[in-house]
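Only one structure is covered here, and it is reproduced in the block below.
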Amino acid sequence: MKASLETLEQHFATVIAANELSHAYLFVGATNSGKMTLAQWIAQRLFCTNVKDGQPCGECAECRRIEEGNNPDYLVIQRATRTIGVDEIRGLKQELSKSGLEGRQRVFVIQDADKMTPAAANSLLKFLEEPASQVVIILTTTRLARILPTIQSRLQIVTLQSPTLATREQAIQQLGVDSTFSHVLSTTQFSLEDIQGWLEQVDAVQLQQTFWRWLTQILARKDSAFTLVQTQILPTFKEQKLQQLLPDLLLAALSDLFTVKFALNRSLNWTNQQENLQQFANQFSIQQVTALLEIVLGLRRMQEANVSFQNVLEYTTLRLLAVLA
């Protein structure tokens, strides 16, 4: 089935009330579609001590423990690296063999299940063929094609629709983000929970100022941009999720530079930087602007290859400066 997060919450409320919850699901959708939000909602609905109209209250001790990751019967496997190995799945299977520590029901989630190695996927397949009682296992992915067909066949596949950009912008603004930055963030694949987590670590205004200070130095052909990587970018973008965000910010900015250079009839991402970008666009050749974009498009691939964030930034900064020299 394919539906919005709100519709799926209503669906699962009915399923749980009828005691018809399946033993395994695969949630498919963009990063911002709410896959993990739905998985957490299911766990809270199962464990909540004060269910109201089929909805978890979100306030009882059990709901709070799940939200905080402190319930031993709600386990999430998530890896920031490229792969989920057989050791992680073996550990999960050991947990699956145990009885619930505090209740009969247990919920296990494998986030970004497409990261599983073939050995890990085959190990999980054995459990799916002989599921444990009172256990619900949920896999999430943004790339359905990377999930083994044999695993897909043993799961109920649920596809989540992504919210519209306007809806996301409004929700992000409600977190205290200005209109320009909320528009930029709404075009990324990060969830509201991710963005809220960033804002707990760093001020949104500081984040933008630091980013644009660094990029402006690059576009101004100043070697001091390399120094800013150490002194400002790394300290500001020290959290891993923020490090994953930086390529999106850079791509949005250089896409705007491309738009201005070619006088394209489309809206800018960073509307508050139009004058700044126009000045730089007038200084660069078409070949230079195109080369800048190509470099940034390769930045994400370097991160996925587990190159250190510092090395990625320093290498990228030097390449961008070289193109503009």
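Annotations
- Subset of the range 1-45 that is closer than 16 Å to residue 139 by Cα and in a loop (DSSP other than H, G, I, E, B) - its residue that is most open to solvent (accessible area, probe 1.4 Å): 1
- Answer residue from the range 116-151, given it is within 25 Å of residue 73 (Cβ to Cβ) and charged (D, E, K, R) and is surrounded by the fewest Cβ atoms within 10 Å (Cβ to Cβ) among those: 130
- Residue count for the range 152-181 satisfying the condition of being in contact with a helix residue (DSSP H, G or I) (Cβ under 9 Å, 6 or more places away or on another chain), touching a residue at least 40 places away in the same chain (Cβ under 8 Å) and either surrounded by fewer than 19 Cβ atoms within 10 Å (Cβ to Cβ) or over 11 Å from residue 28 (Cβ atoms) (or both): 9.
- Flag if residue 206 is surrounded by fewer than 19 Cβ atoms within 10 Å (Cβ to Cβ) and touching a residue at least 12 places away in the same chain (Cβ under 8 Å): yes
- Number of positions in the range 225-235 that are surrounded by 20 or more Cβ atoms within 10 Å (Cβ to Cβ) and either closer than 15 Å to residue 200 by Cα or in contact with a Lys or Arg (Cβ under 8 Å, 6 or more places away or on another chain) (or both): 1
- With respect to the conditions (1) modelled with pLDDT of 90 or more; (2) open to solvent by 30 Å² or more (accessible area, probe 1.4 Å); (3) within 18 Å of residue 22 (Cα to Cα); (4) not in a loop (DSSP other than H, G, I, E, B), residue 108 falls short on a single one, namely (2).
- Restricting the range 46-59 to residues that are charged (D, E, K, R) and in a loop (DSSP other than H, G, I, E, B), the residue that is surrounded by the fewest Cβ atoms within 10 Å (Cβ to Cβ) is 53.
The values are calculated or read from the model by the stated rules, or taken from the named source; none is laboratory data. Everything numeric in this text was worked out from a predicted model, so none of it was measured. Heads up, the Cβs are rebuilt from the backbone with ideal geometry, glycines too, and the neighbour counts pull from every protein chain shown. In case anyone asks, the SASA skips ligands and DNA or RNA and just uses the protein heavy atoms, side chains included. Shrake-Rupley method; radii C 1.70, N 1.55, O 1.52, S 1.80 Å.
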